[in-house]
Amino acid sequence: MFKYHCLNPIADIGLNKFTGNYEKTENVNEADGVLVRSAAMHDMELPEKLLAVARAGAGVNNIPLDKCAEKGIVVFNTPGANANGVKELVIAGMLLASRDIVGGINWVAANKDDKNIAKTAEKEKKNFAGTEIQDKKLGLIGLGAIGIKVANVARHLGMEVYGYDPYLSVDAAWNLSRDVKHVLNVDEIYENCDFISIHVPLVETTRGMLNKDAIAKMKEGVVLLNFARDLLANEEDVIEGIKSGKVRKYVTDFPNTITAGQEGCIVVPHLGASTEESEDNCAKMAVKEMMDYLENGNIINSVNYPDCDMGVCTQAGRVAIFHKNKANMITRFTACFGDEGINITDMMNKSKGEVAYTMIDLENAATEEMVNKLKVIEGVFRVRVVK
Ligand SMILES: NC(=O)C1=CN([C@@H]2O[C@H](COP(=O)(O)OP(=O)(O)OC[C@H]3O[C@@H](n4cnc5c(N)ncnc54)[C@H](O)[C@@H]3O)[C@@H](O)[C@H]2O)C=CC1
Ligand SMILES: O=C(O)CCC(=O)C(=O)O
């Protein structure tokens, strides 16, 4: 029996995929798996028993990835599962920035008792007028699951699209409209685009990348859209840009004390993935990944361990070892089994950066003695008897 804990509400359609072999617990300390959306886990004490964290979503900056890796806790996310939800909101964001739709709606609500509202509106509407997005230039920083979808739909809306992604995957390239201008220097986006939308993960190298130096290179009246993470922008610099007139609007999905209620900022309460479809897709994918890992030791879509998939174990035993990615580890593992006279029938070893994961199928079930021998090998973080 496995136990799971939800740090945020997770869609029932996903939770209903758990079989009778799973039980929900309200006590995180007894959970084998944790499901999470945006809850901050950095200050959380990681329970000894915990084996896996599944983020029902894309961004994992709320999870201590390295700390989890060192404890042999696999962190999963759900690539692409909420990308369409975000794409649709980004398009809405561009439209909201182009005419003062929110101001206009508020004006109507404030004048609801005016018997002549139809006539007055015709006089007042000039205050809320704006521009169209067709034929404007859109620059996308990050051409992953979301960036690509935004690029392709923007092309259909008649925009000229520039895209920048130094790590563009082959899959992503296949899905990208050939009309998108793929630039190799982000400055080309800053210098040319009327709308700039950022879709990269928040990591040390991307933190604050939309700052005063970047804004200085941009066109007058640029619209910035940030549906990725607030800390990707230096928002004080963005506010300065708005005050000087350089930045026409800043559309963000991340309310905070810098942008909430600020003139020129259109702030949405983190609604990018808040659609029934995205929530369902993320929940289903997160639960599937977690179950495959808990039952079979397979890792698919992890952000802190390599993918490693040996299917369902048909042998008597399966052991999974989390360890440092360094020389001689496999020799030492196999020696442990050899010393006990246990035959290895199949094996897989994968690495990701500084960590590695080894799955070993055995003709006989692993003994406690053998597991203890593996645990004390220098560089081993965790040994898990899967079967
Ligand atoms: N507002 C919301 O509710 C949501 C926000 N997000 C945020 O959006 C981000 C992107 O999501 P996805 O597109 O699904 O992720 P993804 O992983 O599919 O795409 C990210 C892309 O950014 C690229 N990249 C990384 N560093 C870069 C850099 N310095 N310059 C240019 N490109 C760079 C990567 O190569 C990758 O193609 C997430 O990390 C998350 O923070 C994601 C989903 C929902
Ligand atoms: O779960 C959510 O609503 C947030 C989604 C998100 O920000 C992400 O997937 O990165």
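The values are calculated or read from the model by the stated rules, or taken from the named source; none is laboratory data. Predicted model only: the values in this text are computed from it and were never measured. Glycine also receives a Cβ, built like all others from the backbone with ideal geometry; neighbour counts cover every protein chain displayed. The accessibility values were calculated without ligands, DNA or RNA, using every heavy atom of the protein model including side chains. Shrake-Rupley method; radii C 1.70, N 1.55, O 1.52, S 1.80 Å.
Look through CYS265, CYS308, CYS282 and report the one residue that is of a type in the set (A, V, I, L, M, F, W, C) and touching a Lys or Arg at 6+ places or on another chain (Cβ under 6 Å).
CYS308
Scanning the range 38-62 for residues that are free of Cβ contacts under 8 Å to residues at least 40 places away in the same chain, of a type outside the set (Gly, Ala, Ser) and within 16 Å of ligand 2 (Cβ to nearest atom) yields MET41, HIS42, VAL53, ASN62. Restricted to the range 59-177, the set of strands (runs of 3 or more DSSP E) holding at least 2 residues that are more than 16 Å from ligand 1 (Cβ to nearest atom) and β-branched (Val, Ile, Thr) is empty. Scanning the range 75-83 for residues that are open to solvent by 40 Å² or more (accessible area, probe 1.4 Å) and within 12 Å of ligand 2 (Cβ to nearest atom) turns up at least one hit. Residue count for the range 166-209 under the criterion of being open to solvent by 50 Å² or more (accessible area, probe 1.4 Å) and closer than 23 Å to ASP230 by Cβ: the result is 7. Counting residues in the range 12-29 that are closer than 14 Å to CYS282 by Cβ, among the β-branched types (Val, Ile, Thr), open to solvent by 40 Å² or more (accessible area, probe 1.4 Å) and within 16 Å of ligand 2 (Cβ to nearest atom) gives one or more. So, of the residues in the range 47-58 that are in a loop (DSSP other than H, G, I, E, B) and surrounded by 17 or more Cβ atoms within 10 Å (Cβ to Cβ), which turns out to be farthest from ligand 1 (Cβ to nearest atom)? So the residue we want is PRO47.
Taken as a whole, the range 235-252 holds no residue that is of a type in the set (A, V, I, L, M, F, W, C), more than 16 Å from ligand 2 (Cβ to nearest atom) and within 17 Å of the chain's Cα centre (by Cα). Considering every residue within the range 129-148, establish whether at least one is open to solvent by 60 Å² or more (accessible area, probe 1.4 Å) and within 20 Å of the chain's Cα centre (by Cα). No: zero hits.
Looking across ASP253, ASP280, one residue alone is surrounded by 21 or more Cβ atoms within 10 Å (Cβ to Cβ), in contact (Cβ under 8 Å) with a residue 12 or more places away in the chain and not aliphatic (A, V, I, L, M). It is ASP253. Assessment of the range 220-232 against the conditions (open to solvent by less than 10 Å² (accessible area, probe 1.4 Å), under 16 Å from the mean Cα position of the chain (by Cα) and within 16 Å of ligand 2 (Cβ to nearest atom)) yields at least one matching residue.
Screening LYS212, LYS217 for residues that are among the basic types (Lys, Arg), touching a Phe, Trp or Tyr at 6+ places or on another chain (Cβ under 9 Å) and open to solvent by 70 Å² or more (accessible area, probe 1.4 Å) leaves exactly one candidate, LYS217.
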